[in-house]
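A short write-up of the structure that comes next.
The values are calculated or read from the model by the stated rules, or taken from the named source; none is laboratory data. The model shown is predicted, which means the values in this text are computed figures rather than measured ones. All Cβ positions, glycine included, derive from the backbone under ideal geometry; neighbour counts span all protein chains shown. Calculation scope for accessible area: heavy atoms of the full protein, side chains included, ligands and nucleic acids excluded. Shrake-Rupley method; radii C 1.70, N 1.55, O 1.52, S 1.80 Å.
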Amino acid sequence: MRRLTLEEQLKLGGDIQRRIGIKTSRDEPLARFTTMRVGGRADLFAEVRNLFELRGLLRFVRSRDIPLFLIGRGSDLVVSDAGIGGLVVVVRTQGYRFDDGRLVAEAGLPMAKAATATRQAGLSGLEFGLAIPGTVGGAVWANAGAHDADVRGVLEEALVAGPDGQERRATPEELGMAYRETHLKHALPGRPDVVLQATFALEPAEPDTIAERLDGIRRWRQEHQPVGQKSAGSVFRNPPGDSAGRLIDELGLKGRRVGGAEVSPRHANFIVNTGDATAADVRALAELVRETVRRERGLELRYEVEFVGDWPEIEEDT
């Protein structure tokens with residue numbers, strides 16, 4: 001995406017604060033806003049905490065033709081060491097309500113919070129959200145899933161703001177939801193379709209029964225995934241009828257390192273930051289794994305994580 005000049009950063013930052021009341025910062029380090037804890041700086045950076053602020057920023061960037069990038073909890077994301085151009089916005093809109101067996105949640109609500117809130121309300125269907133480290137908006141954007149369930153299975157509709165400013169309500173079919181896929185992932189760089197909120201259709205269940213399911217998911221994650229370590233989540237999508245983690249493990253790649261990045265010894269489809277990894281380390285290790293699987297098994301692994309920002313030329317995912 002286009003980089004902003006210093007003059008643009010200063011003027012746009014002042015205008016945003018004066019017109020919308022949101023403070024911005026220049027050259028903000030982005031690593032701390034991602035679960036991988038790698039990445040460079042944003043030209044201009046802001047955080048929004050309610051839909052009024054988010055809508056105001058969307059109108060502003062549209063009127064000024066500013067490249068925009070949104071971050072939820074920063075999972076499923078590897079920001080390049082060169083950072084991201086334009087305006088980067090962290091979405092912290094976490095409002096939610098229940099309406100006749102439905103959860104209506106704003107984009108910044110963590111999926112894990114959605115899972116626990118629906119348990120308290122005696123509504124089942126979002127238990128898998130406990131294993132999703134991202135937000136509602138990101139989960140809809142990617143059709144995130146875990147434990148044999150995904151967003152498509154429970155989403156009734158999403159409220160989406162297009163690059164032209166028009167808001168629309170879209171069903172899973174209209175969003176093109178498939179395995180880890182939606183139309184939202186294919187917007188032009190810097191001009192995203194923005195999920196504002198989502199409505200999930202759920203089923204009544206005893207809170208204690210839901211709690212047992214959540215406990216089972218929590219135990220499985222503790223036993224099988226590098227919980228508590230710096231990671232973007234699953235690196236690759238599972239090939240049809242197989243598991244990316246199984247393939248990588250079978251090829252003896254657990255523990256393989258590039259710089260400070262390591263294929264997790266606990267789960268081979270995770271790359272962890274052992275403390276001093278760069279984004280370049282993470283991507284180089286991911287490419288090494290991908291090439292090894294291609295060479296030894298004749299399979300082309302597709303990325304589940306998104307590599308964003310300014311990267312050197314490299315073979316793109318197919």
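Kindly indicate the residue of region 159-179 that is touching a residue at least 12 places away in the same chain (Cβ under 8 Å), under 19 Å from G108 (Cα atoms) and charged (D, E, K, R) and also most open to solvent (accessible area, probe 1.4 Å) among those meeting that condition.
Restricting to residues being touching a residue at least 12 places away in the same chain (Cβ under 8 Å), under 19 Å from G108 (Cα atoms) and charged (D, E, K, R), the top hit is R169.
Against the definition (surrounded by fewer than 17 Cβ atoms within 10 Å (Cβ to Cβ), closer than 27 Å to P312 by Cβ and either modelled with pLDDT of 95 or more or not basic (K, R) (or both)), how does D76 come out, yes or no?
no
Please verify whether region 58-71 includes one or more residues that are open to solvent by less than 10 Å² (accessible area, probe 1.4 Å), closer than 12 Å to V308 by Cα and more than 17 Å from the chain's Cα centre (by Cα).
No, region 58-71 contains no residue that is open to solvent by less than 10 Å² (accessible area, probe 1.4 Å), closer than 12 Å to V308 by Cα and more than 17 Å from the chain's Cα centre (by Cα).
Closer than 21 Å to D215 by Cβ and either buried (at least 19 other Cβ atoms within 10 Å of the Cβ) or in contact (Cβ under 8 Å) with a residue 12 or more places away in the chain (or both), is that true of A131?
Spelling it out, A131 is indeed closer than 21 Å to D215 by Cβ and either buried (at least 19 other Cβ atoms within 10 Å of the Cβ) or in contact (Cβ under 8 Å) with a residue 12 or more places away in the chain (or both).
Are there any pairs, at least 6 apart or on different chains, whose C-beta atoms fall under 9 Å, with the first in region 272-283 and free of Cβ contacts under 8 Å to residues at least 12 places away in the same chain and the second buried (at least 19 other Cβ atoms within 10 Å of the Cβ) and not basic (K, R), and if so, which?
Listed pairs, sorted by first residue: none to list.
Name every residue in region 106-134 that is farther than 16 Å from G233 by Cβ and assigned to a loop (DSSP other than H, G, I, E, B), in order of residue number.
Within region 106-134, A107, G108, L109, A121, G122, G125, L126 meet the criteria.
Would you say R97 is more than 25 Å from R26 (Cα to Cα) and surrounded by fewer than 22 Cβ atoms within 10 Å (Cβ to Cβ)?
Judged against the criteria, R97 is a match.
D310 - would you say it is under 22 Å from the mean Cα position of the chain (by Cα), within 28 Å of A82 (Cα to Cα) and at pLDDT below 95? Working first, answer last.
Values: under 22 Å from the mean Cα position of the chain (by Cα): yes; within 28 Å of A82 (Cα to Cα): yes; at pLDDT below 95: yes.
Judged against the criteria, D310 is a match.
List the pairs whose first member sits in region 89-105 and is in a loop (DSSP other than H, G, I, E, B), whose second member is acidic (D, E), and whose Cβ atoms are under 7 Å apart, counting only residues at least 6 apart or on separate chains?
Every condition considered, the pairs that remain are R92/E47; T93/E106; Q94/E106; G95/E106.
Conditions tested, residue by residue: (1) basic (K, R); (2) over 22 Å from G162 (Cα atoms); (3) within 23 Å of the chain's Cα centre (by Cα).
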residue	(1), (2), (3)
L4	no, yes, no
Q9	no, yes, no
G40	no, yes, yes
L44	no, no, yes
G56	no, no, yes
D81	no, yes, yes
V88	no, no, yes
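Which of the residues belonging to region 187-218 are out of contact with any strand residue (DSSP E or B) (no Cβ under 6 Å at 6 or more places or on another chain) and open to solvent by 50 Å² or more (accessible area, probe 1.4 Å)?
Within region 187-218, L188, P189, R191, P204, E206, D208, T209, E212, R213, D215, R218 meet the criteria.
How many residues, within region 134-154, are closer than 13 Å to V195 by Cα and either open to solvent by less than 20 Å² (accessible area, probe 1.4 Å) or acidic (D, E) (or both)?
7
Could you tell me which of the residues R302, R290, R237 is among the basic types (K, R), open to solvent by 30 Å² or more (accessible area, probe 1.4 Å) and out of contact with any Gly (no Cβ under 6 Å at 6 or more places or on another chain)?
Working: R290 fails: open to solvent by 30 Å² or more (accessible area, probe 1.4 Å); R237 fails: open to solvent by 30 Å² or more (accessible area, probe 1.4 Å).
Result of the check over R302, R290, R237: R302.
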